[in-house]
Structure formats: C-alpha cells, structure tokens
Amino acid sequence: MKKFKYTILGLIVASMTLTSCDHYLDINENPNNIHAEAITPTLLFPGAVAQTYRTQATWMNRFGGLMTNAYAGNSYSFGAPFGNEYTLNVDSSFYPQIWDGLYRNVSNFVAIEKYDNSTHKYDNYVAAAKVMKAFYMQTIVDLYGDAPYSQAFMGQANATPKYDNDEEIYRSLILGLNDAITLIDNSNAAALELGATDIVFQGTMDKWRRLANTVKLRMLVRMSKVTGSMAAFRDQQLQTLAGEDFVNSDVLVNPGYSAANDDQQNPFYGYYVRNSSNSQLQNNTLFTASEHIATCLNGNPYSMTDNVYQKFNGIKDGRRGRMFSMVNYNGQSVVKGVRQGATPGQPGAPTDLTTVSRFGNGWIFGNGSPSTTSQLTSVGSAKSGVIMTQSESEFLQAEAAVRYPGIFAINGQESFEKGIKASFDYLYAANADYIAYKAAIQTKVGLGWIGTNDNKIEAIMTQKWLATAGINPTESFIDYNRTGFPVTPMATTSAKPNKPYRLMYPSSEYVANSANVPQISNAQCFTKNSTTPFWNQN
C-alpha cells in the first residue's frame, strides 16, 4: 500500500475530533467508530504529521504572507480582495482555521504521548510527537497568548478545559523537548524504529534531535525580552544548548504526495495552484506579489523614496524569478506586485497594467522544467512540503550568536550567509546569482552583515522574511512583532496604526468553551497589554 495511507489514517483520527479543543479524542460507543486505544502510535504518527502540516501550508502560509506584506490580491480580477486582512478586521472569524486546525491535530501528538508505553516500545514515537507538539503549540501561544493546555486533549474527561498562562505553556513545551532529547539519547533497546512511518526523517533519530534543539532555541530566542523568572529559565535552558547541533538541512514532509486525487496533493500546490484534475484554482489568480516585496526583490528600480527601500537600491535579488513569475513592465523583466489595498487606477495599481506576478516555480515545484500544465500538476502535487527550512535554522543561529555570544560559539556571519545560501538552494536559484547577491549586500546596513548588533538583527530578520515567504511566513510575522523588522508597510485601507500583536480566539471556543475562554476585544489585539503573548509585553 502507498505511503499515503498514513495521511488517510490521520484523516480518520482527525474525524473523531471536533473543532473546539474541548472535544479532542471524544469517542462515543458507536460500534462504527474507531476507538483511540486501537490506533497505535505507528498508525497515528504519520497522519498526525501530515494533517498538521496541511494547516501550516495553507492558512498559516496565507495569513503570514499577507501580514508580512509579501502577498497581495489581484485587484484587476477581484476588485477589492482581502478586505479583512487589509483593514485588519480582527475578530473571532479572523483566521479561525489556524487555531482549529492546529489544535485538532496536535491532539493526535498528545494521544501518542499518552499511549501505553510501559515497555518503552514507543519511545521514538513519543520523542518525535513531543517535538511536533512543541513546534505547533508554540505557534498557538505566539499568535494567541493564553490557551488550553494542561486540561486540553482530554475528551469527555474534561469538555471545558481551562486556559493556561502562556508562560507556563512555553515552559512545559521546552521541558517536553528536553524529555524528547533524553528519550533519543537513551535509545532504549526495546524501542521500535520509526522507519517508513516517519514521513519526515525516515527514522533518523539524530535529525529529530536536531529539530528538537532548533525548536527549543527558537522558543528561547523568542523570549529575548522577558524579565524575572522566565528570563532566568531562558538563560538556564540556553546553557543546555551550548555546543549542540541544530537543523542543517530542510525539514521536509512527504507521505506520498501525488496528483492521484485532491486529498493526496501537496497541500500548498492543491491550495494555491491547480487541483488534481489540472483545473486552475481561483487562488492561482487571486494571489500576487505585493508591491512591497517586488520593490525589494527588483532593487527599487522605480526609486521609491521610503527609507525601507534604500538598502535595496540596485540589488536585483537572484531569487526573485523563483519566488514569483517575471513579467515585462516598462521594458524591463521584473517582479510586478500590487500595493496592498490599492485598486486599479490608484497608486500601486495603475490602470495600464493587467499582468502581475504570481507564485513562482521555486515554491510550486522546485527543480525541473515541466512543459505542460499536466506535467506541472504531476510534479507540483508530488513535491515535498517544508516544515522548517535550513535557512530558518541558520538565521536563528545567527541571531543567537548576536544576542548570546557568551553561550554560543557560533560564527554569526557564517550562519547568516549560510541562511541566504540555503534559501537560494531551496529555490534552485543559480549559485552565480548567490555569489553576486552576497557581494552586493556586503556594505548594505540592514541587509548584509555590517554595522551594530541592531543592524545585524535587522539584516537577519529581513533575510529571514525573504527566505520564509511562500514557505512559512507566519514565522517572520511573529519575529516582526518581536523585533520590528523587517519594516512592513500597512495596507492603504488599513484602519489600524500597526499589525495585530495577537489574534482573537475563534468562535468555536466562544461556543463550546464559553465559561473559560477569555473575552478579548479588537482593541486589545493592537496594543501591548496583559493579553499580548508574554514574550512581547514589554
């Protein structure tokens, strides 16, 4: 049977859960239902990974790309697209798919942790599940703050879980990563190998260990501004990472993606490009490059005077044609974007332009040259998904080297440059273009490795933004909220002075867990206050 059977099993398990976190693994006595205890970690794990990644590749990708002003809407074909995103109409119906999708599938990782493992048979599964739980629960905390955790995932045993302090969730997740590393290091002889059920690392536990270290470092670096007991905890945990190994290759997921049917497609391709029948999706026309990212990638060819673009002057990014399609405009081959919020005839969306850049081949299918749309669908549907890129890991290590030089004997500049190179490599951009780009940014403050530590943080965040676009831009949005970089223009129709520091809890929570869900107003989402994720309250 094809490897994709594991994703189907994941769908079965997901179907046993309801959207709100209070009903996870809530199984009744219907004889047609599958009981949780009958689903072993070997069956549960691959489906859990594939289904959780689906949320990352679709709704998280969409949200992050729009919030970081990398994507825009094709106003020539759709009038005034992304109204809620541009005006920042953040309410309980604003991207509920992120909360619902992540919680629904994180429950499956928790089920693996809770499965009877008295013989240590499932040690490797438990370790990997702890890593994936931390990876995605971190996103919940980073976007929402307090959340159900200690009483969540209990099904009928607790249908209305309390909301835990987000600091305590972070602490628990980090300690859980430590437990995962210990399980891997101890390598109990009774433990089953993950083998083919591991749709990420094919059973190589050292790679799971590297990912655990990297997720842990990401969480600790995110806490760079905290004070008091959490700062002491951060510093102690950072010490445990001194001399450790981190992710050094792209973390890919592939349960057997193909164009056999819509469910088996790589979720990015099946959401943004074409379905398995090779019909073009509306999203393929709707999503374009934003004017902001186009200006940065093209080297500010039209001399926009905003300070944010000056460091890009004259630097044509060799990745641009792999990230977005190139079009002819004013006699030049460029990435052409739309200003977020602009409609035809307004600045940033002139009426004489009907061709704009769409998502590029580096994101859609990677290497190769499909000559027909059917070949494109075959290759794009089968492409591996990306949970974390090597590039993101390298930029994270570069930031750690800047902020904590006494702990990490890391060459920050080397990691920074390796992060850029890894981005070029992932997109299959030419090595000669990387060499030219590396040389061009050497003296560009905020873009290359030069200047003060603050300048270097700006450069890291700017390069991470370019590298995570189309892959996991929500990470860059969260970093933007933490650091203020890269500078991200507001849409012309924005009714707010800044991006949201947090999201509102979804309506599913107000319906199913009304006694516990905090009452959050729209205004609270846009100021730093006690409901803001703890690492960003000062």
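The values are calculated or read from the model by the stated rules, or taken from the named source; none is laboratory data. These numbers come from a predicted model, not from an experiment. All Cβ positions, glycine included, derive from the backbone under ideal geometry; neighbour counts span all protein chains shown. Ligands, DNA and RNA are excluded from the accessible area calculation, which covers all protein heavy atoms including side chains. Shrake-Rupley method; radii C 1.70, N 1.55, O 1.52, S 1.80 Å.
Of note:
- Residue list for segment 342-395, restricted to those being in a loop (DSSP other than H, G, I, E, B), farther than 25 Å from residue 291 by Cβ and without any contact (Cβ under 8 Å) to a residue 12 or more places away in the chain: 368, 369, 370, 371, 372
- Residues of segment 193-208 satisfying the condition of being surrounded by 21 or more Cβ atoms within 10 Å (Cβ to Cβ), more than 20 Å from residue 382 (Cβ to Cβ) and not aliphatic (A, V, I, L, M): 208
- Some residue of segment 251-258 being open to solvent by less than 60 Å² (accessible area, probe 1.4 Å), touching a residue at least 40 places away in the same chain (Cβ under 8 Å), on the phi > 0 side of the Ramachandran plot and in a loop (DSSP other than H, G, I, E, B): yes
- Among residues of segment 140-158 being in a helix (DSSP H, G or I) and open to solvent by 10 Å² or more (accessible area, probe 1.4 Å), the one that is modelled with the lowest pLDDT is 156.
- Some residue of segment 266-275 being of a type in the set (A, V, I, L, M), within 30 Å of residue 88 (Cβ to Cβ) and either surrounded by fewer than 16 Cβ atoms within 10 Å (Cβ to Cβ) or touching a Ser or Thr at 6+ places or on another chain (Cβ under 7 Å) (or both): no
- Entry remark, segment 315-341: residues being crowded, with 24+ Cβ neighbours inside 10 Å and part of a strand (DSSP E or B) number 3 in total.
- Residue under evaluation residue 62, criteria (1) open to solvent by less than 10 Å² (accessible area, probe 1.4 Å); (2) under 17 Å from the mean Cα position of the chain (by Cα); (3) more than 25 Å from residue 172 (Cα to Cα), criterion not met: (1)
- Contacts under 7 angstrom Cβ, first residue in segment 76-99 being crowded, with 19+ Cβ neighbours inside 10 Å, partner among the charged types (D, E, K, R), 6 or more apart: 88/496
- Residue in segment 227-250 that is part of a strand (DSSP E or B) and either of a type in the set (Phe, Trp, Tyr) or surrounded by fewer than 18 Cβ atoms within 10 Å (Cβ to Cβ) (or both) present: no
- Condition check for residue 175: open to solvent by 50 Å² or more (accessible area, probe 1.4 Å), out of contact with any Phe, Trp or Tyr (no Cβ under 6 Å at 6 or more places or on another chain) and not in a helix (DSSP H, G or I): no
- Residue match in segment 132-139 (condition: open to solvent by 10 Å² or more (accessible area, probe 1.4 Å) and at pLDDT 95 or above): yes
- Residue within segment 316-330 that is touching a helix residue (DSSP H, G or I) at 6+ places or on another chain (Cβ under 9 Å) and more than 22 Å from residue 427 (Cβ to Cβ) present: no
- Taking residues in segment 524-538 that are over 19 Å from residue 169 (Cα atoms) and modelled with pLDDT of 95 or more, and partners anywhere that are open to solvent by 10 Å² or more (accessible area, probe 1.4 Å) and not charged (D, E, K, R), the pairs with Cβ atoms closer than 7 Å and at least 6 places apart or on different chains are 524/531; 525/501; 525/504; 526/498; 526/501; 528/501; 528/537.
- When 497, 489 are checked against the criterion of being within 19 Å of residue 88 (Cα to Cα), touching a His at 6+ places or on another chain (Cβ under 6 Å) and surrounded by fewer than 20 Cβ atoms within 10 Å (Cβ to Cβ), 489 stands alone in meeting it.
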